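First up is the structure itself, then whatever we jot down about it.
The numbers here are math on the coordinates, done by the rules we state, and not lab data. Keep in mind that this is a model prediction, so the values were computed, not measured. Methodologically, a virtual Cβ is constructed for each residue, glycine included, from the backbone with ideal geometry; neighbour enumeration extends over all protein chains shown.
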Amino acid sequence: MVPVFADLAAALPDMHIEILDMLVQDNRVGVRAEVSGMQDGPLMGIAATKKPVCFAIHSFHELPDGRIAKTWHLEDWLSVFRHLGETPRV
């Protein structure tokens, strides 16, 4: 996952992540957040468009003994591609 996050950080150098909700129950945490930024670098083969993007992320974590043991994560990439008006080249 490190290369994916590095690619995203390079593509959106002004990236901002806003936590919208955080739910805690026992040793589990759910996070709903929004990522936004201007695409100033290549992203998944899409050249820099200088267009703003905004997309939702959802993460669910299991924390036995106060440390993350499992994570389930979802990012709304379809929204990113709609904002950019392109899909990745494979």
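List pairs: first residue in the stretch 53-73 and part of a loop (DSSP other than H, G, I, E, B), second residue among the β-branched types (V, I, T) and surrounded by 13 or more Cβ atoms within 10 Å (Cβ to Cβ) anywhere in the structure, Cβ distance under 8 angstrom, at least six positions apart or on different chains.
Matching pairs, first to second residue: L63/V29.
Mind checking which residues of the stretch 6-22 are within 11 Å of the chain's Cα centre (by Cα) and either loosely packed, with under 10 Cβ neighbours inside 10 Å or over 11 Å from L43 (Cα atoms) (or both)?
M15, H16, I17, E18
Condition test on F81, is it surrounded by 11 or more Cβ atoms within 10 Å (Cβ to Cβ) and either in a strand (DSSP E or B) or of a type in the set (V, I, T) (or both)?
no
Just name the residue that is nearest to R67 (Cα to Cα) out of those in the stretch 4-22 that are part of a loop (DSSP other than H, G, I, E, B) and of a type in the set (A, V, I, L, M).
Among them, the one singled out is M15.
Just checking, does the stretch 23-43 include any residue being free of Cβ contacts under 8 Å to residues at least 12 places away in the same chain, part of a helix (DSSP H, G or I) and farther than 19 Å from R89 by Cβ?
There is no residue in the stretch 23-43 that is free of Cβ contacts under 8 Å to residues at least 12 places away in the same chain, part of a helix (DSSP H, G or I) and farther than 19 Å from R89 by Cβ.
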